[in-house]
């Protein structure tokens with residue numbers, strides 16, 4: 001191959017994963033080679049390369065490792081006597097993005113508040129305030145997961161229906177339970193709660209600690225902000241980002257910490 005006419009591009013450094021994009025006006029032989037193999041190629045010796053006979057462009061070649069690289073174009077064995085050409089380099093893709101971890105639930109509760117038995121003489125580890133429409137999809141599965149972790153869960157008496165007082169329901173739950181969960185969804189907001197009751201959810205605290213954990217279910221941040229801007233920035237979980245079991249694990253850990261405190 002010594003004496004073969006060829007066109008060349010040279011890059012002192014290409015990163016692994018970069019892509020060399022070649023455009024040709026006619027079919028041609030295209031080779032991407034490191035320095036050692038390029039020297040062998042131009043001196044007619046055996047060499048290794050990536051590429052081959054390119055009949056359709058743009059033609060893309062992935063750079064196998066970081067280093068100095070040569071791209072050659074020749075017409076050996078072909079009828080054409082000339083070729084218009086260009087070559088460009090696309091950088092490698094960015095590393096896979098890693099989402100910031102969710103804020104810890106430690107800000108929900110640091111110490112067990114004083115609670116009193118309900119009308120039946122019972123107290124609860126967790127109560128779940130929810131719209132009746134969300135009972136099957138979220139509330140009941142969460143209750144099952146929490147009970148499997150040894151917690152006492154209050155569910156039915158905190159089911160919300162049109163005409164209920166949201167604040168009264170939650171106040172009642174907090175009076176008899178250690179930890180409160182409220183499931184925010186389109187069905188929840190469709191109940192038409194007064195704004196002061198929605199704002200009251202996030203105002204409940206003990207020694208400055210958030211007492212309620214909102215769980216977003218099939219609802220966006222913008223939709224929640226439209227209903228109650230004060231709810232958006234509170235520590236919360238989202239069923240689109242965490243499984244019910246994962247949420248139950250976090251709640252169980254916080255409740256146990258409160259009991260042990």
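Every number in this text was worked out from the coordinates using simple rules, so none of it is lab data. The shown structure was predicted, so the numbers you read here are calculated from the model rather than taken from an experiment. Reconstructed Cβ throughout: ideal geometry from the backbone, glycine too, with neighbour counts over all protein chains shown.
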Legend entry - Reciprocal mean inverse distance between Cα atoms of the stretch 7-90 - Kirkwood radius, Å: 12.9
Legend entry - Potential lengthening between residue 225 and residue 23 on full extension [0.36 nm per residue; Cα-Cα distance subtracted]: 67.7 nm
Legend entry - Distance in nm between pseudo-label sites at residue 152 and residue 245 (7 Å out along the Cβ direction from Cα): 2.7
Inset, instruction - Please arrange 155, 142, 78 by counting, for each residue, the other beta carbons lying within 10 Å of its beta carbon, fewest first. - result: 78, 155, 142
Legend entry - Residue order, fewest to most beta carbons within 10 Å, for 224, 219, 128: 219, 224, 128
Inset, instruction - Report the calculated FRET efficiency for residue 48 and residue 186 (r = Cβ-Cβ distance, R0 = 51 Å), to the nearest 0.05. - result: 0.25
Inset, instruction - Once you have the Cα-Cα distance between residue 140 and residue 7, take 0.36 nm times their residue separation minus that, and quote the gain in nm to one decimal. - result: 40.9 nm
Inset, instruction - First measure r as the distance between the Cβ atoms of residue 56 and residue 132, then evaluate 1/(1 + (r/R0)^6) with R0 = 45 Å and state the FRET efficiency to the nearest 0.05. - result: 0.15
Inset, instruction - Please arrange 212, 76 by counting, for each residue, the other beta carbons lying within 10 Å of its beta carbon, fewest first. - result: 76, 212
